[in-house]
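**Q** Dropping the structure in here first, questions after.
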Amino acid sequence: MSNVFELEHVSKTYVNEGKEFEALKDVNLSVKEGEIFGIIGMSGAGKSTLVRTLNRLEKVNEGSVKFYDRDLADLKPSELRNVRHSISMIFQSFNLVNQRSVIDNVMQPLRIAKVPRKERNKIALEMLKVVGLEEKKNAFPARLSGGQRQRVAIARALASDPKVLLCDEATSALDPKITAEILDLLKEINKDRKLTIVIITHEMAVVEKICDRVAIIDDGRLEEVGEVKEVFRNPKSKAARKLVFPSNPYDPSKPESRLIRIVFDGLAASEPFIASLVEKTGKKVNILSANTKSVGGIGYGQMVLELPESGEDQKIIIDFFKEGGLSVSEVTRE
């Protein structure tokens, strides 16, 4: 599987009123053809700057950004325009022209590319069918719901037959139900059209629902990259742990108590392992928090447990969970 994007030692610094701000710091990253790749971080982490380097809307100060092995910095203006035709974007704010009908909005990139009117009308109708909005072709954006407007934006992005779709916080303005529908649509488009999709988000739920791999960015640095299921199961960086694991809302019974987090997936999600622990070892734990979710169609869950004071009992409990195939990690108080 070839790399669509390859970033090597990418850094980006902004200068504002004589002060420098380093938005990206020595980022190394690759995105594979046909995958749905998530880039997640909190506000100000650098993720939007990162995605804008992929089509050279932002020039980098150091390092290289390659698109199918071609360094974007080496391209002539005409070559860069051709690359940008292969990379479409959708945004949180939809960016539709309110004075134009739905079908006119979808035809806009084809109009810019000087595609004949009859042909662009045909393509636009096909794209509206893909997103399930053929009957709204003559409506205006103001008469549409937020989810419908984002579907129009997706149809417009697909009209130029891109190789890549960049989604910059594309579901942030939508309610959870509509967000789920848009993510399902993107997943279907990825499968049917073999389209590479890069999703920028601050919501782990978005990544969990449709991404194959994810990059965690924090303060301009790439903290962790991996398959979503593996990052969820065993986050290695502090930034990833903050995103994957919700904060524990309950206090332990004693300030010095030892806390562990156990993570389970697949068949283990249906196993009564706490009851089995008590039955087989006679040892008890205090459950401080627990949740379950679906990641890539597989049931995942995690619990924060308070262990008994005895070091020997702690070892028996931890060994029991590990022998059962569960991931066990220490919960540190930061």
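**Q** Please go through the range 3-29 and give me each residue that is under 26 Å from Val164 (Cβ atoms) and among the acidic types (Asp, Glu), ordered by number.
**A** Scanning the range 3-29 gives Glu6, Glu8, Asp26.
**Q** I'd like to know if the range 110-121 contains one or more residues that are surrounded by fewer than 20 Cβ atoms within 10 Å (Cβ to Cβ) and within 22 Å of Lys209 (Cα to Cα).
**A** No, there is no match, as no residue in the range 110-121 is surrounded by fewer than 20 Cβ atoms within 10 Å (Cβ to Cβ) and within 22 Å of Lys209 (Cα to Cα).
**Q** Taking only pairs six or more apart or across chains, which ones have beta-carbon atoms under 9 Å, a first residue in the range 83-97 that is closer than 23 Å to Lys66 by Cβ, and a second residue that is aromatic (Phe, Trp, Tyr) and buried (at least 21 other Cβ atoms within 10 Å of the Cβ)?
**A** Within 9 Å, the pairs are Val83/Phe67; Ser86/Phe67; Ile87/Phe67.
**Q** Taking the condition at pLDDT 90 or above, of a type in the set (A, V, I, L, M), surrounded by fewer than 23 Cβ atoms within 10 Å (Cβ to Cβ) and assigned by TED's automatic domain parsing to the domain that holds Met42, does Ile210 pass?
**A** Yes: the conditions hold for Ile210.
**Q** Also, I was wondering about something else. May I ask you to list pairs of residues, at least six apart or on different chains, whose Cβ atoms are under 6 Å apart, with the first in the range 124-153 being farther than 24 Å from Asp192 by Cα and the second being outside any loop (DSSP other than H, G, I, E, B)?
**A** Ala139/Val102; Pro141/Arg149
**Q** Does Lys114 satisfy the criteria of being part of a helix (DSSP H, G or I) and either without any contact (Cβ under 8 Å) to a residue 12 or more places away in the chain or over 19 Å from Ile189 (Cβ atoms) (or both)?
**A** Against the criterion (part of a helix (DSSP H, G or I) and either without any contact (Cβ under 8 Å) to a residue 12 or more places away in the chain or over 19 Å from Ile189 (Cβ atoms) (or both)), Lys114 does not qualify.
**Q** Pairs please, first residue from the range 30-56 and in the same structural domain as Ile182 (by TED's automatic domain parsing) and within 10 Å of Leu166 (Cβ to Cβ), second anywhere and part of a strand (DSSP E or B) and of a type in the set (Asp, Glu), Cβ atoms under 6 Å, 6+ apart in sequence or on different chains.
**A** Between residues of the range 30-56 that are in the same structural domain as Ile182 (by TED's automatic domain parsing) and within 10 Å of Leu166 (Cβ to Cβ) and residues that are part of a strand (DSSP E or B) and of a type in the set (Asp, Glu), the close pairs are Val51/Asp168.
**Q** I need the full set of residues from the range 2-33 which are at positive phi and modelled with pLDDT under 95, in order please. Can you show your working first?
**A** Within the range 2-33, the subset at positive phi is 9, 17-18, 26.
Matches in the range 2-33: Glu17, Gly18.
**Q** Sticking with this structure for a sec: Could you tell me whether any residue of the range 246-254 is out of contact with any strand residue (DSSP E or B) (no Cβ under 8 Å at 6 or more places or on another chain), at pLDDT below 90 and small (Gly, Ala, Ser)?
**A** yes
**Q** Sticking with this structure for a sec: Ala170 - would you say it is touching a residue at least 24 places away in the same chain (Cβ under 8 Å) and in contact with a Phe, Trp or Tyr (Cβ under 7 Å, 6 or more places away or on another chain)?
**A** When the stated conditions are applied, Ala170 passes them.
**Q** Any idea how many residues of the range 184-214 are under 18 Å from Glu33 (Cβ atoms), in contact with a Gly (Cβ under 7 Å, 6 or more places away or on another chain) and either outside any loop (DSSP other than H, G, I, E, B) or hydrophobic (A, V, I, L, M, F, W, C) (or both)?
**A** Of the residues in that region, 5 qualify.
The values are calculated or read from the model by the stated rules, or taken from the named source; none is laboratory data. Nothing here was measured: the structure is a model prediction, and the numbers come from that model. Please note: Cβ atoms are built from the backbone with ideal geometry, for glycine as well, and neighbour counts cover all protein chains shown.
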